[in-house]
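See below for the structure under consideration.
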Amino acid sequence: MNHFEEYIKKEIEIIQQLDIVAIEKVANMMLDAYQRGAHVFICGNGGSAASASHITGDFIKGASFGLEKRWRFICLNDNITSMMALANDISYDDIFVEPLKNFANKGDLFIGISGSGNSANVVKAMEYAKTTGLATIALCGFRGGKIREMADVNIYTPIMDMQITEDLHMMSLHMIFQYIVKQLFGASTNEKTMGGVYDKRVE
């Protein structure tokens, strides 16, 4: 039992260190992008890729269904064909920056997720985003890495543990999602209607 108790203890300790002001700022940056009709781009590798894909699905359906105005949310790690072609023919470091060149415009928003903060492909995409006039957000852990220093705003989990970092990144994204849904669907949105936002079968 010691392992499980220690894991939970460490997770709670890092949750209590999260910068809530930064998380709210990220949420408001995303809301601003939505209201302006701007794109929100997100990407990561491995578990971070799963988090990026997961939250994209939440926004495409859960924060859009029933609204006339929809989210322009694009996960750059969701197209396996383009990623493999770019990795094989150019470089794995270019798998996010190249599709970003296809779609990104000044005023859009870029979110990069990297446990270490140093994933070369995320760093390269963020560099391009900044030079193109996109607002930038980093989700990082460990010592923060390059993207923590580069981003306009960052959600940082100060722990040298990839699994807890990934847990808290997804938790932060879900907190942001629920905050935004309440802004769009009404401040009185409760647990039941929150469930109904993404699953009409909820009773």
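Miscellaneous remarks
- When the criteria are applied in full, residue 21 fails the requirement of being surrounded by 16 or more Cβ atoms within 10 Å (Cβ to Cβ) and at pLDDT 95 or above.
- The stretch 45-92, residues that are among the aliphatic types (A, V, I, L, M), outside any strand (DSSP E or B) and touching a His at 6+ places or on another chain (Cβ under 9 Å): 55
- Within this structure, residue 79 passes the test of being exposed (fewer than 15 other Cβ atoms within 10 Å of the Cβ), over 17 Å from residue 179 (Cα atoms) and either in contact (Cβ under 8 Å) with a residue 12 or more places away in the chain or of a type in the set (Lys, Arg) (or both).
- Flag for residue 104 being at pLDDT 95 or above and surrounded by fewer than 19 Cβ atoms within 10 Å (Cβ to Cβ): no
- Filtered residues of the stretch 124-183 (kept if within 16 Å of residue 111 (Cβ to Cβ), more than 16 Å from the chain's Cα centre (by Cα) and among the hydroxyl-bearing types (Ser, Thr, Tyr)): 128, 132
- Candidates 23, 42, filtered to the one that is under 12 Å from the mean Cα position of the chain (by Cα), of a type outside the set (Gly, Ala, Ser) and not in a helix (DSSP H, G or I): 42
The values are calculated or read from the model by the stated rules, or taken from the named source; none is laboratory data. Everything numeric here is computed off the predicted structure, so don't read it as measured data. Using ideal geometry, Cβ is built from the backbone for each residue, glycine included, and neighbour counts are taken over all protein chains shown.
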